[in-house]
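Single-structure report; data block below.
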Amino acid sequence: MSELTDIIKKRRSIRKFKSDSVPKELIDKVIEAGVYAASGRGKQAPVVIAVTNTELREKIVKANSKIGGWAEDFDPFYNAPVILIVIADSQVSTAVYDGSLTLGNMMLKAHELGLGSCWIHRAKQEFESELGQEILSMIGLEGNFEGIGHLALGYPDVEVTDIPEIKENRIFYID
Ligand SMILES: Cc1cc2nc3c(=O)[nH]c(=O)nc-3n(C[C@H](O)[C@H](O)[C@H](O)COP(=O)(O)O)c2cc1C
């Protein structure tokens, strides 16, 4: 199996993280893989925001949990020390596809680096709320951005090695 195929097959969503912080060099490498993803018409619509600030993290956790309808004390980011938020210029028609590819690249890179990650949803609703505006003003970004998704990122506190069965009728060839 090639190294890339191995990474693709063995990456799993991680939902239990160590509290250890992730060195910035590693966060940078994960983000780098994301921003090099293909994008519709090469417009590079997605933007990645790395959140390690505990105060903001708490606000995101609360907002996400509320949108998801969970109890106040539930952390939908599974206590991951890093939250990577992907947003994309909503004027770009491929924003959601571009942002999803960014997230996909980052999940694979995280796995390659021995980090764990999990796509956490509900970024769309978050960025439609005041919190989204607050985050944009914190980084001085102006414009209309759609929340695409987050990655919970950190060192896994669980060993997951299973490769899932692939459902039938998902691959066809027309020769
Ligand atoms: C669009 C999308 C949204 C997801 N949202 C969440 C989420 O909010 N919380 C979560 O724990 N996992 C979420 N996941 C992770 C999936 O549950 C996970 O990818 C799926 O169960 C397959 O497992 P695997 O990633 O280990 O292959 C999401 C995945 C995708 C692609």
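Just so it is clear, none of the values below were taken in a lab; they were calculated from the coordinates. If you're wondering where the values come from, they're calculated on a predicted model, not measured in any experiment. Here the Cβ positions follow ideal geometry from the backbone for every residue, glycine too, while neighbour counts run over all protein chains shown.
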Low-density loop positions, chymotrypsin sites (Phe, Trp or Tyr not before Pro), segment 81-175 - DSSP coil, at most 11 other Cβ in 10 Å: F172, Y173
Calculated from backbone phi, Karplus (6.51, -1.76, 1.60) coupling profile of segment 47-56 in Hz, x at Gly/Pro: 10, 10, 10, 9, 10, 10, 5, 5, 5, 5
For the chain, the longest site-free run once trypsin sites (Lys or Arg not before Pro) in DSSP loop states with at most 13 other Cβ atoms within 10 Å are removed: 1-166
Pairwise centroid distance, computed over Cα atoms, of segment 30-70 with segment 150-175, Å: 21
Total lysine pairs whose alpha carbons fall under 14 Å of each other in segment 1-159 (8 or more apart, or interchain): 4
Estimated [θ] at 222 nm from DSSP helical runs (n ≥ 4, -39500 (n - 2.57)) normalised by residues in the chain, nearest 500: -12000 deg cm²/dmol
Coil-residue GluC sites (Glu not before Pro) of segment 67-144, DSSP, other Cβ within 10 Å capped at 10: E72, E142
Length-normalised contact order of the chain in % [C-alpha pairs under 8 Å, at least 6 apart]: 33
Tensor-based shape of the chain (alpha-carbon gyration tensor, a/c under 1.5 rounded, otherwise prolate or oblate): oblate
